[in-house]
Structure formats: C-alpha cells, structure tokens
Amino acid sequence: MSRNINIWSLPTAVQTLNEIRRELSEGVSLCIVATTPGSVYDFQKALLHGLEMEDCLITYSLHLPELESVTLAGIQKALVGSEYQSVSLDQFIRSEAPDVILVQGFDEVVPSFQKETISLIRRWADHCHAGGDKKSLCLVVPGNLADKVHEIRSHTTSSRLKIRYLAGIPSALEVQLISRAQSGGEFASVESHWRELLVSSLSGNDLDMAYLLGQSKLNDLDDINHVLKEYADLNSWKRSAFEKELKTWTPLANGIRPDIPQHIENIKLLWKQATVYTPEYGEEIHPAILALLESYDEIKHRVWRAQTTLVLPLIDELRIKIYTLLKNRLPNTWDHQDIPEIGQIKYSLEQLPMDDPARKQFYDTVRHARDIRNKLAHTEVIVLHEYIILWNSWQKIRQMICK
C-alpha cells in the first residue's frame, strides 16, 4: 500500500466534504473538529478547491498567526489591506466579506486569540442569522483543543452555527479496497486477499499502520505482533504514555459519531492516535498501543474477525458444492432434507468404505474445512498455510461443478 493516498478523494471523505460545502454555501458557519493529525492540511486544501472551483464561491483563507488581533478591524485589514475603513460587523458581512472565510492556524495562536476566535465565529453566525446573510466562517480545530469549542455549543442555539467532526475517514472498507487495488486488484493472489482483510481489521483508519502491515505476509500472530511493535518503535511510543489515560476510556460504538462535550476525551485520544475510529468498528485502541500494553487477546480478536469474514463464506460455499456433487452417494446421517453442515458431511463420508472413491476424493478437504470452521467457532485463529490449503480446495471444487 502506498503512503501517498489522497483520502479526500475517497467516498466517505467526498460525502463529508460535500455536506460541509453545502452548509457553507447556505451561510452556515462551521467549527470543524479534526480527529487525526494528518488530516487537517489536506482537508483545508480540498475544501478550498471545492468551494472555489466547483461551487464558484469567493473564498478567503485567513491565517490567525498573521493577524494583529482577532477583531473585525484585524480581519478587515487582512482582507482589504491597510486602506480599510472601519465599519460595523453587519456592514462588513453585507458589503465586504467574501462568501466563505476559512480560518486557519487555530493551534498556532495563544489561548487569548483562540478565545477571541471562538467568540468571533459565534457573533458572526448570530449576525448572519438575524440579517439573513449567507456569509460563513469555517474554523478548523485540532482534536487536542476540542474543549475550546465547547463554548460554542453552550452559548448559541442558532441554526447558522454548527460543529462538525472529521472522524471515520477512511472507513475500514476503504482501507481494504486501497490495499486490494495496490496489490493487483481482483486478480490478486490468495495471500493478498488474506492480507487485505487483516490490514483493514487491524489498522482502523491509520494508513501508515496499514502500509507497514501490507509489507508483511502476516502469516500468523507472531508476524502481526512483530509489525505492531515495530510501528510503536517508529513512533517512539511508550507504554506509560497511554496506560493511565486508557484506564478510564469508554469507546465510541460503531455508528456513534463523536460529539462535544460528552466525547471530548475520546476526540483527544483519537488525535493522539491512542485510539482509531471507523464507522464499521467504532472507536478502538490503536493496534500498536495494544502491542505495547501486551493486550494480545484483543489483537487476536481483530485477526479473528477478519478471518471469519474471509473464510466462513468460503467454507459455506464449499459445503454446498460438495453436497451437490455427493448428495446421491452419501449415506443420510442427518435425518432431514436440508443441506447438512460440514461436520455432518464429514461424518457421512466416514461411514463409507475406506476405498470408496468419494471418500478418497473429498474426505481430506471436508475434514480440513471442518477443522478450520471449528477453530473459528471457538474464536481461535488460523495461519496463512491453512487458508491456502482451503482456498486451493475450494477452487478445485468450483472447477468440478463447472465441468
């Protein structure tokens, strides 16, 4: 998997961008809380391009560290130069302000500037609400400063001011598809199919983690734990830095987006990469942090859930096709008309003589599939070699059906 992925071209990101652009074009001011450090710059770049080139809105990027003060006069001076004339906020919004102002650099200014910026966006929205003007401010706040925007929620009920969150981008499915596309697409090897599911289940939306996992075959749990520890070392993460904070952590369930004020601590943990969030799995401890904490059962669970997704449908198809081939030759040991389970097919084959052609041809395949099914049913994991044998058997059975 390449590191050079533009996540803002992915479906979940495009949908989020479109919703944000629509609200800004309608005059709704937004405070956008980012939950992953690498997302802020690329998000602002993609948003600016969409507003200007696709929505044809007059947009201005206001960099807070370049202002003398976060006041109307300071903003006027930044927009129109030193020859500005002092006007009221209503007049400025109506006559001078561009359609959208993107306010950047919130984390680069002192707390007093941050407080003034929050106050400005709130007053701006209130004036637009009262006057019916469709001019909007958009402020991007890094997740470690999420508590700074709590004041917005508690001091306004205006529909012209909203808080949005950049979370769950990319999704686990998108990570899987990125991995598939970069390993050969639909004609990738059996090892690639194995790897793409494990990468997606383990890495959450951390593409750097996904990249490192994608460089290994991920044969077994030892391979996986080695990669996770390597990633922690590359980031200079230490167990003590995360252990205390995660003791009181309550994860966001899948389908639940972070919200202020009840999820401020979750947002800060996401920003630190102590946790990851995807729509499919919700918020989870970062897999490399799990390795630091020696939470090997949780790592095993994420491997198991990927393997069940990958293997169980394959076993079920193999079961149906083998029964189709053998239904007139198997002794009925299951006492009903439904297609028997893989274990029942195995038992029926065992009732045949040792030299029976059906037993010779299919017994090892059925026994192997049943053993894997039983392992997964008891939340045990399998290794790559076991999966390859199952895959090859499945391919042979499919060819027999097609003849």
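How big is the charge dipole of region 22-99 about its Cα centre, in debye rounded to the nearest 20, if each Lys and Arg gets +1 on its Cβ and each Asp and Glu gets -1 on its Cβ?
Numbers: 4 positive and 12 negative charges, 30 e Å.
Here region 22-99 has a charge dipole of around 140 debye.
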Range of Cα positions in region 315-403 per principal axis (Å), largest first: 34, 30, 25
Phi-based couplings in Hz for region 350-363 (Karplus 6.51, -1.76, 1.60; Gly and Pro marked x): 5, 7, 7, x, 4, 8, 5, x, 5, 5, 4, 7, 10, 4
Rounded to whole Hz, the Karplus (6.51, -1.76, 1.60) HN-Hα couplings of region 44-58, x for glycine and proline: 4, 5, 5, 5, 4, 4, x, 5, 7, 8, 9, 8, 6, 9, 6
Farthest toward positive dipole pole in the chain [+1 Lys/Arg, -1 Asp/Glu at C-beta], among ASN332, ALA181, SER9: ASN332
Nearest-ten-degree value, helix 296-326 long axis tilted from longest Cα axis of the chain: 50
Amide hydrogen neighbours beyond the local backbone of HIS63, cut-off 5 Å, H modeled: GLN104
Under-5 Å amide H pairs with GLY282, H placed in peptide plane, nonlocal only: ASN254, GLY255
Cβ-defined net charge surrounding ASP223, 15 Å radius [Lys, Arg +1; Asp, Glu -1]: 0
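Step through the table entries LYS321/LYS396; LYS217/LYS300; LYS247/LYS268, compare each Cα-Cα distance with 18 Å, and write down the pairs that go over it. Walk me through the numbers on the way to the answer.
Working: LYS321/LYS396 11 Å; LYS217/LYS300 16 Å; LYS247/LYS268 15 Å.
Beyond 18 Å: nothing from the list.
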Binned Cα-Cα distances of the chain, short to long, each 10 Å bin given as a whole percent: 4, 19, 23, 18, 15, 10, 6, 3, 1, 0
GNM top mover of GLN215, GLN114, GLN85 - the chain, alpha-carbon springs below 10 Å: GLN85
Sorted by Cβ neighbour density within 10 Å, fewest at the top, the residues LEU161, LEU173: LEU173, LEU161
The chain - charge dipole about Cα centre, Lys and Arg +1 at Cβ, Asp and Glu -1, debye rounded to 20: 840
Within region 204-284, chymotrypsin sites (Phe, Trp or Tyr not before Pro) in DSSP loop having at most 15 other beta-carbon neighbours inside 10 Å: TRP249
Between region 165-225 and region 277-344, the alpha-carbon center distance in angstrom: 18
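Compute, for region 161-296, the length of the dipole vector about the Cα centre, with Cβ point charges of +1 (Lys, Arg) and -1 (Asp, Glu) only. Units Debye, rounded to 20. Intermediate results must be reported in sequence, preceding the final value.
Details: 13 positive and 19 negative charges, 111 e Å.
Using Cβ point charges on Lys, Arg, Asp and Glu, region 161-296 gives about 540 debye.
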Cα centroid separation - region 1-40 against region 111-148, whole Å: 18
Long-range amide H partners of ARG164 with built H, under 5 Å: CYS31, ILE32, VAL33
Dipole-positive endmost among HIS49, ALA167, PRO287 within the chain (Cβ charges, Cα centre): PRO287
Whole-Hz couplings from phi, Karplus 6.51/-1.76/1.60, listed for region 203-209; x for Gly and Pro: 7, x, 10, 8, 5, 5, 5
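Computed from the coordinates by the stated procedures, all read-outs in this text should not be read as laboratory data. Keep in mind the model is a prediction, meaning the values are calculated, not measured. With ideal geometry, Cβ positions are generated from the backbone for all residues, glycine too; neighbour counts draw on all protein chains shown.
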